[in-house]
1. All but one of (1) of a type in the set (Ser, Thr, Tyr); (2) within 18 Å of the chain's Cα centre (by Cα); (3) over 24 Å from Thr6 (Cα atoms); (4) part of a helix (DSSP H, G or I) hold for Thr113; state the number of the condition that does not hold.
2. Please count how many residues of region 22-49 are farther than 25 Å from Arg141 by Cβ and more than 10 Å from the chain's Cα centre (by Cα).
3. Sort through Lys37, Lys99 and tell me the only one that's in contact (Cβ under 8 Å) with a residue 60 or more places away in the chain and surrounded by 13 or more Cβ atoms within 10 Å (Cβ to Cβ).
4. Please find, among Phe45, Phe74, the residue that is hydrophobic (A, V, I, L, M, F, W, C) and either buried (at least 18 other Cβ atoms within 10 Å of the Cβ) or in a strand (DSSP E or B) (or both).
5. Using beta carbons and a limit of 8 Å, which pairs, at least six apart or on different chains, have the first residue in region 121-139 and farther than 20 Å from Asn62 by Cα and assigned to a loop (DSSP other than H, G, I, E, B) and the second one of a type in the set (Asp, Glu) and at pLDDT below 95?
6. Out of everything in region 110-123 that is within 22 Å of Phe38 (Cβ to Cβ) and not β-branched (Val, Ile, Thr), what residue ends up being surrounded by the fewest Cβ atoms within 10 Å (Cβ to Cβ)?
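The values are calculated or read from the model by the stated rules, or taken from the named source; none is laboratory data. All figures in this text were calculated on a predicted structure; none of them were measured in a lab. Here the Cβ is made from the backbone with ideal geometry for all residues, glycine too, and neighbour counts use every protein chain on show.
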Amino acid sequence: MADRPTEMDEFLDEPRMARVSTVNANGSPHTVPLCYKFHSDTGTFFLSTGSDSVTVKNLRRNPAITFCIDDDEFPFRAVIAEGKADVSEELGTDHEGIKTIIDQFFGPDMWATYKEGPVAQKIRVRINTVPSKWKWWDHRRKLNGSVKVG
């Protein structure tokens with residue numbers, strides 16, 4: 001069994017958007033930018049999103065999910081992680097879950113305003129993913145790699 005790569009954990013802990021891809025009913029890809037939380041202690045990705053989103057509908061039918069996190073500054077860095085998503089049942093507005101992401105991206109002072117907005121009022125689910133395949137590159141540190149875990 002291969003170990004999860006940790007070379008890019010610091011990069012993944014920075015506030016960035018992930019391009020999250022799922023599979024539509026017709027087999028075509030569906031990709032959407034989402035804020036995420038990476039847990040380096042477990043190597044897992046956490047999302048909180050609306051329960052009625054296309055992403056959630058796709059994952060309930062087919063749990064395959066891909067995350068692409070990159071930056072747009074040369075020299076480039078990126079991580080692509082693939083796995084099976086675990087989607088929770090509906091959790092109401094789940095302010096506890098979405099707050100962890102808002103705090104990481106915008107700081108804890110943003111929550112007081114954000115929780116009153118329309119996005120925070122949606123019925124939400126939590127999506128947790130333990131990737132089984134990783135690909136990464138960091139041209140700043142001359143690193144790259146690919147590994148299947150498990």
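1. (2)
2. Count: 12.
3. Working: Lys99 fails: in contact (Cβ under 8 Å) with a residue 60 or more places away in the chain.
Selected residue: Lys37, the only one of Lys37, Lys99 that is in contact (Cβ under 8 Å) with a residue 60 or more places away in the chain and surrounded by 13 or more Cβ atoms within 10 Å (Cβ to Cβ).
4. On the way: Phe74 fails: either buried (at least 18 other Cβ atoms within 10 Å of the Cβ) or in a strand (DSSP E or B) (or both).
Sole residue among the options that is hydrophobic (A, V, I, L, M, F, W, C) and either buried (at least 18 other Cβ atoms within 10 Å of the Cβ) or in a strand (DSSP E or B) (or both): Phe45.
5. Sorted first by the residue in region 121-139, then by its partner, the pairs are Ile123/Glu90.
6. At the first step, the residues of region 110-123 found to be within 22 Å of Phe38 (Cβ to Cβ) are 110-111, 114, 119-120.
Right, trim to not β-branched (Val, Ile, Thr) and you get 110-111, 114, 120.
Numbers: Met110: 13, Trp111: 16, Tyr114: 17, Ala120: 18.
Per the criteria, the residue is Met110.
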